[in-house]
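What follows draws every value from the coordinates through simple rules; no lab data is involved. Everything quoted here is computed from the prediction, not taken from an experiment. We place every Cβ from the backbone using ideal geometry, glycine too, and count neighbours over all the protein chains shown.
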Ligand code: MOS
């Protein structure tokens with residue numbers, strides 16, 4: 001690959017952190033300047049000579065088959081280089097079209113259409129405008145049946161495969177006996193709708209071939225997995241594919257898999273023997289690249305008069321596509337969050353004529369805590385108890401599912417700190433008590449929780465001395481920064497671990513050719529890549545000490561004796577036996593004030609307080625930003641987000657940001673994030689629990705609970721729109 005064709009992405013390397021940047025300090029993002037000046041190049045921005053533009057054509061009907069697809073008009077358009085359909089697309093072996101996660105892609109291999117919006121053709125042209133115009137000239141006739149697009153439209157549910165390494169069903173204790181002994185029993189059903197990912201940066205892929213070697217600039221949450229998956233699907237040796245993602249405009253789960261468009265771009269680039277760029281439109285984000293599935297969750301809670309939980313059952317039905325079993329694991333937290341002796345959970349999937357759903361920020365916990373934490377609020381009401389007191393009474397002192405001790409847990413401190421800051425003690429018990437003219441005011445709360453994951457990772461550190469004798473470090477690991485601050489926190493970890501050994505630290509990530517590290521998902525990047533960076537830096541220090549190098553000036557002298565005046569160390573960090581000895585989770589508590597206009601049903605949220613125990617905070621600024629982002633998404637989930645699908649055609653009706661509502665600045669008022677002091681010696685070497693996902697958990701329930709406290713109206717089906725709160729209208 002020539003340097004010219006590569007577009008020299010190295011032009012935009014992120015800034016250097018000072019060698020005394022400490023872990024925990026609110027260091028400004030080292031990539032911030034590049035981003036605000038537009039110098040940061042995302043997957044669709046990397047300049048590539050001779051690049052062609054591709055536009056995806058999607059089915060407009062389903063389910064069924066394509067009877068006829070006519071691409072002659074499109075092919076005849078000026079500037080069009082190729083039109084791929086199932087009639088002429090390069091063949092891909094059936095088995096290899098599945099990614100490791102079981103993703104079944106639409107690679108133009110047959111005439112089947114499983115859902116409205118499925119990729120059915122790809123137009124490649126000299127410009128985006130010509131490709132877009134030609135794509136609209138592809139005509140298709142279908143033979144299709146009526147789509148089923150809502151869980152209630154399908155009578156059949158089935159057992160999913162093992163999800164997230166855990167079995168779909170669980171049972172401890174004796175449910176019937178527990179129910180018989182309980183003083184109070186409630187059963188409630190909650191639903192959450194289809195919700196689509198809307199990162200600012202849509203999916204985008206640029207594919208360049210050099211012989212049988214492929215380079216991808218891809219908007220991905222995992223460069224290493226991306227390269228490996230693409231290699232396998234295309235039948236290439238693993239080392240022949242390199243995926244680069246220096247900057248990513250948000251991931252949130254949808255960029256955690258290789259979807260059809262990535263492979264189609266690579267196939268097209270090979271077919272036309274030129275680089276090809278494929279950028280999805282905002283509208284195309286709805287369907288072919290996953291979504292949070294619809295869920296229907298039924299909970300039964302049984303308790304003694306004093307609030308002690310005797311029974312919790314949580315039965316989940318989540319939708320999946322016709323071709324693949326994706327499971328939203330909404331009941332997983334119910335197994336471990338409270339100390340109830342009798343607990344049973346089930347997960348089932350309902351197959352619908354929609355694109356395969358996928359992970360979306362806190363997959364499982366976001367939807368599951370809405371149901372569980374709403375149900376607890378309903379139980380508290382039934383018992384005439386304070387909802388926070390009910391949770392305190394059922395605090396789990398060890399993991400009640402595994403029996404293991406917690407690696408650390410600060411939930412009691414989170415309850416106390418959040419309640420204190422919010423002023424929870426002044427909450428009247430009865431709903432509808434707090435008023436301000438026509439405005440009803442309510443206070444609600446919920447518990448937040450997310451597991452602490454970690455994966456094997458490797459990193460290298462290279463020390464070099466400038467002519468002046470100043471030593472700087474270059475830290476490298478594949479990883480990627482999906483917008484969370486990974487560049488910055490890895491630099492802080494390196495600076496602290498290197499100590500005197502570096503006056504400045506630069507971080508290079510986002511390239512599958514670098515030492516491997518896992519995808520940025522499951523809130524595990526900091527723990528995984530961070531541990532590897534720490535290990536590499538400490539190993540460098542050990543080796544220097546062994547060579548008698550003990551300060552900055554002897555280091556500069558030593559480096560001058562090294563080849564290229566550089567000293568490089570690579571290290572691996574692997575999770576150990578601690579994962580079998582401790583149960584590892586981050587916990588938190590979120591408190592919300594809702595103000596509801598009694599005449600209009602309009603909901604405002606003047607203040608939200610979230611208190612979290614997340615182990616060591618690596619950067620007070622980016623950590624706070626992550627938690628606020630999660631809480632803001634929780635507001636969207638509670639009040640706005642809902643993908644509407646046409647029951648006749650299966651078409652996504654609100655597939656843009658004008659009609660798919662997410663919170664804007666005017667929707668968000670005071671959001672107060674508290675980190676309780678938590679030291680966890682067991683989770684990993686840096687002591688950090690993940691923070692990418694816990695922020696959204698519990699928020700929708702806290703808002704629903706606050707709305708109930710304000711109005712007396714319990715909304716069990718998200719989103720909570722104003723019409724749900726209007727008084728019955730006199731005729
Ligand atoms: Mo996250 S939903 O694990 O990318």
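Data overview
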{"item": "Taking the C-alpha atoms of region 269-323, convex hull volume expressed per residue in Å³", "result": "176 Å³"}
{"item": "Fewest-first sequence of 659, 693 by Cβ atoms within 10 Å of each Cβ", "result": "659, 693"}
{"item": "P(r), alpha carbons of region 33-92 - 10 Å bins starting at zero, rounded %", "result": "15, 34, 26, 17, 8, 0"}
{"item": "Convex hull (Cα only) mean projected area of region 123-271, reported in nm² to one decimal", "result": "15.5 nm²"}
{"item": "Calculated Rg and Dmax of region 420-474 using C-alpha coordinates, Å", "result": "27.4, 73"}
{"item": "Cα shape, the chain, gyration tensor, a/c 1.5 rule", "result": "oblate"}
{"item": "Normalised per residue, the volume of the convex hull around the Cα set of region 240-364 (Å³)", "result": "166 Å³"}
{"item": "Extended-chain gain in nm, criterion 0.36 nm per residue less alpha-carbon gap, residue 180 and residue 666", "result": "170.0 nm"}
{"item": "Bins of 5 Å, starting at 0 and running to the largest distance - Cα pair percent for region 546-672", "result": "2, 7, 11, 11, 9, 10, 9, 9, 8, 7, 6, 5, 3, 2, 1, 0"}
{"item": "Overall Cα dimensions of region 105-194 - principal axes, largest extent first, Å", "result": "72, 30, 25"}
{"item": "Burial ranking of peptide ranges 526-534, 538-546 (average Cβ count within 10 Å, highest at the top)", "result": "526-534, 538-546"}
{"item": "Fraction of antiparallel bridges per DSSP, region 207-354 only, in percent to nearest 5", "result": "50 percent"}
{"item": "Bins of 5 Å, starting at 0 and running to the largest distance - Cα pair percent for region 549-623", "result": "3, 9, 9, 9, 9, 10, 9, 10, 9, 6, 5, 4, 3, 3, 2, 0"}
{"item": "Stokes-Einstein diffusion coefficient of region 372-417, Kirkwood radius over Cα pairs, 4 °C, 1.567 mPa s, in µm²/s", "result": "109 µm²/s"}
{"item": "Proxy reagent accessibility, fewest Cβ within 10 Å first, across 382, 535", "result": "382, 535"}
{"item": "Mean separation of Cα contacts under 8 Å, 6 or more apart, over the residue count of region 498-559: relative contact order %", "result": "46 percent"}
{"item": "Packing-based exposure ordering (other Cβ within 10 Å, fewest first) of 255, 689, 35, 409", "result": "35, 409, 689, 255"}
{"item": "Separation of alpha-carbon centers, region 536-611 and region 419-476, rounded to whole Å", "result": "14 Å"}
{"item": "DSSP bridge pairs, the chain: antiparallel proportion in percent, nearest 5", "result": "75 percent"}
{"item": "When region 614-731 is reduced to its Cα atoms, the Kirkwood hydrodynamic radius in Å", "result": "16.9 Å"}
{"item": "Rounded, prolate or oblate (a/c below 1.5 giving rounded, otherwise prolate when a/b exceeds b/c) for region 145-184 by Cα gyration tensor", "result": "oblate"}
{"item": "Whole-Å distance, taken between Cα centres, linking region 260-280 and region 635-669", "result": "30 Å"}
{"item": "Region 320-420 shape via C-alpha gyration tensor axes, a/c threshold 1.5", "result": "prolate"}
{"item": "Convex hull projection area averaged over all views, region 627-672, Cα basis, nm²", "result": "3.7 nm²"}
{"item": "Label point distance in nm, residue 75-residue 308, each placed 7 Å from Cα along Cα→Cβ", "result": "7.7 nm"}
{"item": "Cα-based radius of gyration of region 320-374 once divided by 2.2 N^0.38 Å, which approximates compact folds", "result": "1.27"}
{"item": "Fraction of alpha-carbon pairs over 13 Å apart in region 494-554 - percent", "result": "68 percent"}
{"item": "Average Cα contact separation per residue, region 331-420, under 8 Å, 6 or more apart, as relative contact order %", "result": "38 percent"}
{"item": "FRET E, pair residue 439, residue 139, Förster distance 56 Å, beta-carbon r, rounded to 0.05", "result": "0.55"}
{"item": "Value of relative contact order over the chain, rounded to a whole percent, pairs C-alpha under 8 Å and six or more apart", "result": "17 percent"}
{"item": "Compactness of region 184-305 - radius of gyration and Dmax, Cα, Å", "result": "19.8, 73"}
